[in-house]
Amino acid sequence: MFRASTLWSIPLLVACLLNLSVTPVVCLTLLLSAAPEPFALHEIDSEAVEGYRAALARVGPGHTLEVHIDSLGGDSTQLFRLLGLTDWAHHSQIQVVCKVYGVAMSAAAFFLTMGCDRRIMGPKAILLYHEAYAIRRLFSPLPIDPVQLAKETESLKSLNRTFAVLIAQHSHISEADYEGHVSKGDWYVLPEDALKYGFVDTVQ
């Protein structure tokens, strides 16, 4: 898909492909300018999902989407929607290449490990994994319903178990080892360990 600013140059691109009196410099400049914009993933919310959907649509079948991740995380439900879009991308023969040069924390770390065909981590980047938790208002005037609290606790256990299964499917770490790490609190992972555990494919 071409950027709007390069639509005027489609005839030149055709000339490049047909090798019709267009200099190599012009062809190279044109091809670089026609490359799709990388998708920047920051907070994982409904807006990020729609942005990712649009970016995949712009790239089109048989091509590659580059995703730049620098994110503190976000909502787990929206994370699952992102992963679903990656499944759709595979049906459309779209390859998703993810690069993190800042931080990929929480839901963003899960997306990097589970939602990308190729996972690249910068030498100073940081990943963070942890158990899902519910955010409560400490000074809420409403009393805590013990039945509802028990339901929420079970839901969180199920969600964390789901994350452990998915992480194990997309890395070199077992479900038990992953759960052992995150049960102790926030698990910060440096590039060397990210490679060892199979959370990423390349550090560069």
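Just so it is clear, none of the values below were taken in a lab; they were calculated from the coordinates. These numbers were taken from a predicted model, which means no experiment stands behind them. As a convention, Cβ positions derive from the backbone with ideal geometry for all residues, glycine included, and neighbour counts pool all protein chains shown.
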Quick calc: nm separation of the 7 Å Cα→Cβ label points for residue 193 and residue 81 -> 3.2 nm
Among 161-169, 105-113, how do they line up from the highest to the lowest mean number of other beta-carbon atoms within 10 Å?
105-113, 161-169
Over segment 36-203, calculate the relative contact order: mean separation of alpha carbon pairs under 8 Å at least 6 apart, over the residue count, as a percent.
20 percent
Where N is the number of residues in segment 89-204, Cα Rg divided by 2.2 N^0.38 Å:
1.24
Cubic angstrom per residue, convex hull over Cα atoms of segment 64-157:
113 Å³
So for 133, 188, fewest C-beta neighbours within 10 Å to most, what's the order?
133, 188
If amide H atoms are modeled at 1.01 Å from N in the peptide plane, then the residues at a separation of 5 or more from residue 100, or on another chain, having amide H under 5 Å from its own are 69, 120, 121, 122
Could you list which residues have their amide H under 5 Å from that of residue 44, counting only those 5 or more apart in sequence or on another chain, with H placed in the peptide plane?
73, 74, 75
Rounded to whole angstrom, the alpha-carbon centroid of segment 88-130 lies from that of segment 35-72 at a distance of 11 Å
Rounded to the nearest 0.05, what FRET efficiency is calculated for residue 90 and residue 151 with R0 set to 30 Å and r the Cβ-Cβ distance?
0.30
